[in-house]
Each structure stands twice: as structure tokens, then as C-alpha cells.
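Structure, as C-alpha cells:
Just so it is clear, none of the values below were taken in a lab; they were calculated from the coordinates. The shown structure was predicted, so the numbers you read here are calculated from the model rather than taken from an experiment. Counting neighbours? That spans all protein chains shown, and the Cβs are built from the backbone with ideal geometry, glycine included.
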Amino acid sequence: MSFKSYRDLEVWQKAMDLVVVCYQITNNFPKSEIYGLTSQLQRAAISVPANIAEGRERQYTKEFLKHLSIAYGSLAELETCIQIAERLNYLDLKQMKEVLDKTAEIGRMLNGLRTSIEKKS
């Protein structure tokens with residue numbers, strides 16, 4: 001495969017930025033959520049760049065595609081957690097929209113990367 005390091009992939013970089021945003025917003029969640037929604041949201045966020053990186057470092061294209069699919073699923077999980085947080089009034093609508101805009105962009109990028117890899121293989 002003729003891909004750069006996972007660190008050079010723009011989608012990985014944006015996913016890393018999203019992790020930071022998610023940690024920042026969960027700082028304001030109630031302490032009672034530390035083992036609940038806070039943890040779940042943070043783990044889902046971390047899973048996106050982690051799966052991009054792991055998949056990129058695998059030897060086979062099929063494994064990279066599998067990990068991109070897992071990253072996409074984690075992105076959907078993260079979006080769900082964000083919407084739950086808004087419904088519980090842990091986030092306001094503006095914060096939710098900002099995060100969901102970022103997840104939508106990353107989702108489009110993951111789809112584009114997947115399509116590009118599939119065309120090359």
C-alpha cells in the first residue's frame with residue numbers, strides 16, 4: 001500500500017483534535033457520570049484515531065478497511081453519546097452542533113479514504 005504514516009493522514013489528525021474537544025467538554029459533566037457517559041464518550045472518541053492508526057499499520061488492505069469501518073462505528077457511537085449529553089443538559093445545542101459538525105467531516109473523510117483504498121486494491 002502506498003499510504004503515508006497514519007500520523008500524516010488528515011483524517012487521523014482531525015480525529016485526534018476531536019478527542020481533545022471531547023475531553024474538554026466532559027470536564028463539565030457531573031462527577032456522577034465519570035464511570036458512565038463521560039467514560040463512554042471519551043472511549044468512543046479515542047477509538048476513532050486509534051483504529052485509523054492500527055488499521056494503517058496492519059500489513060493487509062483488508063485489515064485497514066476493517067479498522068476504518070470500526071472507526072466509523074465508533075464515530076456513530078460518539079455522536080450518540082453527544083446527543084444523549086445534550087438531552088441530559090450536559091451540553092447546550094451550540095456545543096452539540098460543533099461536535100456533530102466535526103464528526104460529520106471526519107465521517108466524510110473516512111468514507112473518502114475507504115473509497116480510495118478500495119479503488120487501488
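A few points about this structure:
- Rounded to two decimals, the Cα-based Rg/Rh of region 6-120, with Kirkwood Rh, is 1.01.
- Solution diffusion estimate, µm²/s, Stokes-Einstein, region 33-98, Kirkwood Rh from C-alpha pairs, 25 °C, viscosity 0.890 mPa s: 193
- Set K4/K119; K62/K102; K62/K120; K4/K66; K66/K102 screened for pairs whose C-alpha atoms are more than 20 Å apart: K62/K102; K66/K102
- Counting neighbouring Cβ atoms within 10 Å and putting the fewest first, the residues Y23, Y72, Y90, Y35 line up as Y35, Y23, Y72, Y90.
- When you restrict to C-alpha pairs under 8 Å that are six or more residues apart and normalise by the size of the chain, the relative contact order lands at 27 percent.
- K119, K14, K102 arranged by Cβ crowding within 10 Å, fewest neighbours leading: K119, K14, K102
- Computed FRET value (nearest 0.05) for K94 with Y35, which takes r as the C-beta separation and R₀ as 35 Å: 0.80
- Mean residue ellipticity (222 nm) of the chain, computed from DSSP H runs ≥ 4 via -39,500 (n - 2.57), nearest 500: -27000 deg cm²/dmol
- Annotation: for a label point projected 7 angstrom from Cα along Cα→Cβ of T61, residues of region 85-121 with backbone N closer than 17 Å are 111-121.
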